[in-house]
1. Quick one: is SER11 within 24 Å of the chain's Cα centre (by Cα), modelled with pLDDT of 85 or more and hydroxyl-bearing (Ser, Thr, Tyr)?
2. Among the residues of region 53-63, are any within 30 Å of MET424 (Cβ to Cβ) and in contact with a Lys or Arg (Cβ under 8 Å, 6 or more places away or on another chain)?
3. What are the residue pairs meeting all of these: first residue in region 419-441, first residue in contact (Cβ under 8 Å) with a residue 24 or more places away in the chain, second residue assigned to a strand (DSSP E or B) and basic (Lys, Arg), Cβ atoms under 7 Å, and 6 or more apart or on different chains?
4. Restricting attention to region 52-85, and to residues there that are part of a loop (DSSP other than H, G, I, E, B) and modelled with pLDDT of 90 or more, which single residue is nearest to ILE120 (Cα to Cα)?
5. Is it the case that region 29-51 has a residue that's within 30 Å of ILE418 (Cβ to Cβ), part of a loop (DSSP other than H, G, I, E, B) and within 27 Å of the chain's Cα centre (by Cα)?
6. Would you check if there is a residue in region 407-429 being among the β-branched types (Val, Ile, Thr), surrounded by fewer than 22 Cβ atoms within 10 Å (Cβ to Cβ) and touching a strand residue (DSSP E or B) at 6+ places or on another chain (Cβ under 7 Å)?
7. Quick one: which residue in LEU52, LEU71, LEU99 is touching a residue at least 40 places away in the same chain (Cβ under 8 Å), surrounded by 17 or more Cβ atoms within 10 Å (Cβ to Cβ), closer than 24 Å to ARG407 by Cβ and not basic (Lys, Arg)?
8. Within region 255-265, track down each residue that is touching a Ser or Thr at 6+ places or on another chain (Cβ under 8 Å) and in contact (Cβ under 8 Å) with a residue 24 or more places away in the chain.
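The values are calculated or read from the model by the stated rules, or taken from the named source; none is laboratory data. These numbers come from a predicted model, not from an experiment. With ideal geometry, Cβ positions are generated from the backbone for all residues, glycine too; neighbour counts draw on all protein chains shown.
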Amino acid sequence: MPQLREDDCLSWGDALFLYLERPGMPLNIASVAVFDGAISLADCIEAVSSKLPLIPRFYQRVVIPPLNIGLPTWEYDPEFDIHNHIREVRLRRGNDADLKAAAAKILSVTMDRRHPLWDISLMQGLEGDRTALVVRAHHCLADGIAGVGLMNVLMDAEPTPIAPAKKAPRLRRPPRRAAGTSPLDGLINSYIKRLVTMQSEVAHLLQRALDGSQEESPSEAKRLLPEFPTPAERLPFNLVCHGPQKIAWGEIPMEQIKAVKEATGTTVNDVMITVLTAALRQYAELLGAKLKGRQLRIAAPVNTRGSGNPGDLGNRISFVSVSVPLGVRNPRKLLAAVRDKMQSLKNGHAAEFVGLVGGFVGMIPPALQALAGPVVSQLPISLCNTICTNVPGPQAPLYLLGHKMLRLYAYVPIGGEIGLNCAMLSYNGTAYFGFTGDAQAAPHLHRLEKFLRLSFAELQKAIGMRPHRPRQPAKRKIASVPKAVAQEEQNVLAASA
């Protein structure tokens, strides 16, 4: 009888994403990719089908053991049908606003756990002779880094697609296990291994802390400790998420970001966090917040794969907490504050500490996690104000069936009292910002698109650079906005300052 292999079980962290998910709060990662030309559903299905044997996990579904005794396992779906995972959506108007609304509707719904937890929606009728793909995978299957790896597998690096082999590769599926024969054994083995690993991690972290304490004062060491154990002071968008979700997008040329970086002696990440903070400050003020002396606590995921394959599935991340001042309106001073904070985090052990805490949380028995997860996700506790991912994507064009990918917007889920998040991803010379917001917690999410542009232009102006000008289509869209709307926005900002 086939035995349960170690990689048949979800990790403790991956399983936690399953337990925390509830209606109105799907926990998926996703991307919206825009291509030139028209792509048919049949061609899309054929192209993806030819690549699936390279990703065996995409044939597997999650199986929950009876009474949650043991970790969930990956098992091949005996009724796998790719038509359950690739579907076509016809846009009504075909503009970008229509695409965002249709994508947000898809991302607001949880996936069917009877089948593998991924899908692709082919968005037809996009103006300008374009087609879009909404690619979605559950967070228990992949994190943002792995998601980029998946895009590299599904896409081609050349305009001419590689011809499929005459004989398509077949996936060899192991014999199906009898239900209930080995999940408990797998749980015990995994638990023992996790205890041994965490013992080593604790010893390593303590040694590094002791080594660092010889060079740092007690006050400095305390300053470097992560802030997650204490609740963050709520901002207007820190409300329990009930759905539906909305999305908004922004983009800045990487060349412009790197120019600011070189002129100020900072990093690309410093510049992007600074611009995001300034945009969120304007948005919070629009919602009526008073921000003098307030801090924005950002949870930033950190890749823990080391030199491992970025395409490995599952979650290999920890988090660091970055608190930046919201009351600083001078862009140069805000950038300096962000730079100092990020440098302190690099010198400390915050990511390791949070990863260790997450490891202890992950060792809570699965049955208790499954029972408490949906409740915990609705508690009025905000450990941070927002989550911001920054994932380096492909820096050369990718193609699907010869169609060039023009834009790539990432998506990060929201949940609990974190009603607004941002996913930053660079692709082919452009930094793309994808905002996710709960409809009640973050109304008027589209305003962030303008605030992002204004914040970057203000930073450029503050350091003596010519402000970035958006691409021509964006200029036409801005010019078409009624003057009354722009004046109303300025009046709101002035009144809340």
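1. Numbers: within 24 Å of the chain's Cα centre (by Cα): yes; modelled with pLDDT of 85 or more: no; hydroxyl-bearing (Ser, Thr, Tyr): yes.
Answer is no for this residue.
2. Yes: one or more hits.
3. TYR432/ARG407; GLY437/LYS246; ALA439/LYS246
4. Filtering region 52-85 for residues part of a loop (DSSP other than H, G, I, E, B) gives 55, 64-65, 69-72, 77-81, 85.
Filter once more, keeping what is modelled with pLDDT of 90 or more: 77-81, 85.
Working: ASP77: 18, PRO78: 20, GLU79: 18, PHE80: 15, ASP81: 13, HIS85: 6 Å.
Applying the filter and picking the extreme gives HIS85.
5. Going residue by residue through region 29-51, those that are within 30 Å of ILE418 (Cβ to Cβ) are 29-34.
Remaining after also requiring part of a loop (DSSP other than H, G, I, E, B): none.
Scanning region 29-51 turns up no residue that is within 30 Å of ILE418 (Cβ to Cβ), part of a loop (DSSP other than H, G, I, E, B) and within 27 Å of the chain's Cα centre (by Cα).
6. So far as region 407-429 goes, no, none of its residues is among the β-branched types (Val, Ile, Thr), surrounded by fewer than 22 Cβ atoms within 10 Å (Cβ to Cβ) and touching a strand residue (DSSP E or B) at 6+ places or on another chain (Cβ under 7 Å).
7. Exactly one of LEU52, LEU71, LEU99 is touching a residue at least 40 places away in the same chain (Cβ under 8 Å), surrounded by 17 or more Cβ atoms within 10 Å (Cβ to Cβ), closer than 24 Å to ARG407 by Cβ and not basic (Lys, Arg), namely LEU99.
8. Scanning region 255-265 gives a single hit, VAL260.
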